[in-house]
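Chemist: The following block contains the structure, expressed as structure tokens.
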Amino acid sequence: MNIAIIGTGNVGGALAQGFARAGHRVRLGVRDLENFKGKHLLDATPGITVHTVEEAVRESEAVIIAAPAQAADVVARSLGDVSGKVVVDTMNGVFMRPEGFANTTDAILANCNTTDVVKCFNTTGFENMLDPRYGNQSADMFVAGDSTRGKQVAVQLAQDLGFGKTWDFGGLDKVSLLEQFALCWINLAIMQKHGRGIAFKVLER
């Protein structure tokens, strides 16, 4: 799959590496082609290239947004034409959110021309995106949104990264709940100082 990643910090960089290792073609979309976070990825991981934001989006089937949450609406407007593409929102508006919106997914939907937008890859740290395995188990992933197609793409990408089951949290009405779920991980890993080497796994009888 051709994947554009907008936001090349820890989360965007981890996803770029994982998707490229899984055989996907990854295009980093940046504002400044000469000066951007994650520049080391170009030499370290085959299959990753850098482009302007609109070019990366134009040549891709899926768009991953891993930018600061408060900029979600601005980033969505910068994508250009995303009709026919899936947009995956990895951001969390738990401390700061785009002005006028309850969550980052709502901000994206209001500012781009696709309804295939889902929330995923937001409930754990970037270290778990690089390696979701814990012994003989893998951490689970979670997705929310109204787009069936978007969820199918997110589930496939999570599997490609090595996550276990991807749990469907529900529609757009559950996106804010999924952001709060991310805050649970932040609370345990960072605020309660258990460390970033923890992840969620749902057990079934």
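All of the numbers you see were taken from the coordinates with simple rules; none came from a lab. Only a predicted model underlies this, so the values are computations on that prediction, with no experimental measurement involved. Backbone-built Cβ (ideal geometry, glycine too); neighbour counts: all protein chains shown.
Chemist: Among the lysines in the chain, how many pairs, 8 or more places apart or on different chains, have alpha carbons under 14 Å apart? Write out the running numbers ahead of the final one.
Modeler: Working: Lys85/Lys151; Lys119/Lys151; Lys119/Lys174; Lys151/Lys165; Lys151/Lys174; Lys165/Lys201.
The result is 6.
Chemist: With a 10 Å Cβ neighbour count serving as the proxy for reagent exposure, in which order, fewest first, do Asp116, Asp168, Asp173 appear? Before the final figure, lay out each step's value.
Modeler: Numbers: Asp116 23, Asp168 16, Asp173 10.
Exposure proxy ranking, most exposed first: Asp173, Asp168, Asp116.
Chemist: Could you derive backbone 3J(HN,Hα) for segment 147-160 from the dihedral phi with the Karplus parameters 6.51, -1.76 and 1.60 (θ = phi - 60°), listing whole Hz in sequence and x where the residue is Gly or Pro?
Modeler: 8, 5, 4, x, 5, 4, 5, 4, 4, 4, 5, 5, 4, 5
Chemist: Would you mind ranking Thr166, Thr124, Thr105, Thr52 by Cβ crowding within 10 Å, fewest neighbours first? Let's see the in-between values first.
Modeler: Values: Thr166 19, Thr124 24, Thr105 29, Thr52 16.
Starting with the residue having the fewest Cβ neighbours, the order is Thr52, Thr166, Thr124, Thr105.
Chemist: Counting other C-beta atoms within 10 Å, and keeping those with at most 12, which DSSP coil chymotrypsin sites (Phe, Trp or Tyr not before Pro) do you find in segment 81-157?
Modeler: On the way: sites: Phe95, Phe101, Phe121, Phe126, Tyr134, Phe142; in loops: Phe95, Phe101, Phe121.
Passing sites in segment 81-157 are Phe95.
Chemist: Between Arg133 and Leu183, what is the spin-label point distance in nm, taking each point 7 Å from the Cα along the Cα→C-beta axis?
Modeler: 3.5
Chemist: How would Met1, Met129, Met96 line up from fewest to most surrounding beta-carbon atoms within 10 angstrom?
Modeler: Met96, Met1, Met129
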